[in-house]
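Novice: If you scroll down you'll find the structure; I have some questions about it.
The values are calculated or read from the model by the stated rules, or taken from the named source; none is laboratory data. In this text the structure is predicted, and so the values were computed from the model without any measurement. The accessibility values were calculated without ligands, DNA or RNA, using every heavy atom of the protein model including side chains. Shrake-Rupley method; radii C 1.70, N 1.55, O 1.52, S 1.80 Å.
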Amino acid sequence: MYSTNKKAFTMIELVFVIVILGILSAVAIPKLAATRIDAQISKGRADISSIRSSIITERQARLITGQPNFINSLSSSTTTLFDGNGTATSSLLMYGVKAGATDGYWSTDSTGMPYVSYIYKVGGSSCNFTYNPTNGTFNIDASQNAICDNLVD
């Protein structure tokens, strides 16, 4: 007799699967974008904590040698910021953070003298930080937006 062996999907089944995949991607893609910004904020917070801790560590080392002042300036290399380059005036982190102009990277701006402004980009926003050698603070300049506010305690 005549027997048919069906081994294919029907058109309705294929459309149904495509609709389900479309719904899942519509939900997942915005979540992934938010996760990326959260990761950049976490990286920025970790960098800021390391920088602040290194400033205090350097200050303690100076006090032991009889120098009561904070480090004069932070490194402002165009490729690696806050690096320990071995000089007494700008060694901070043993391993610096990579500089760049895109989200998740640091850059510098020396137009706001007397102090160099350090800029961390996150979520398309530029968050400005300033190091003050008088009191050794590394703080955000002012409340700039909600994303920048998430970088500091």
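Novice: For segment 86-106, give me each residue that is part of a loop (DSSP other than H, G, I, E, B), open to solvent by 20 Å² or more (accessible area, probe 1.4 Å) and modelled with pLDDT of 70 or more.
Specialist: Here is the first cut: in segment 86-106, the residues part of a loop (DSSP other than H, G, I, E, B) are 86-92, 94-96, 100-105.
From the residues that got through so far, the ones that are open to solvent by 20 Å² or more (accessible area, probe 1.4 Å) too are 86-89, 91-92, 94-96, 100-103, 105.
Once the filter is applied, which keeps residues that are part of a loop (DSSP other than H, G, I, E, B), open to solvent by 20 Å² or more (accessible area, probe 1.4 Å) and modelled with pLDDT of 70 or more, segment 86-106 yields Leu92, Met94, Tyr95, Gly96, Gly100, Ala101, Thr102, Asp103, Tyr105.
Novice: Still on this model: Can you find a residue that is assigned to a strand (DSSP E or B), more than 11 Å from the chain's Cα centre (by Cα) and among the aliphatic types (A, V, I, L, M) anywhere in segment 140-147?
Specialist: Start the filter on segment 140-147 by keeping residues that are assigned to a strand (DSSP E or B), which leaves 140.
From what's left, more than 11 Å from the chain's Cα centre (by Cα): 140.
If we keep only those that are among the aliphatic types (A, V, I, L, M) as well, we get 140.
Within segment 140-147, one or more residues are assigned to a strand (DSSP E or B), more than 11 Å from the chain's Cα centre (by Cα) and among the aliphatic types (A, V, I, L, M).
Novice: Between Ile23, Ile41, which is open to solvent by 60 Å² or more (accessible area, probe 1.4 Å) and either more than 30 Å from Met94 (Cα to Cα) or at pLDDT 90 or above (or both)? Working first, answer last.
Specialist: On the way: Ile41 fails: open to solvent by 60 Å² or more (accessible area, probe 1.4 Å).
After applying the criteria, what remains is Ile23.
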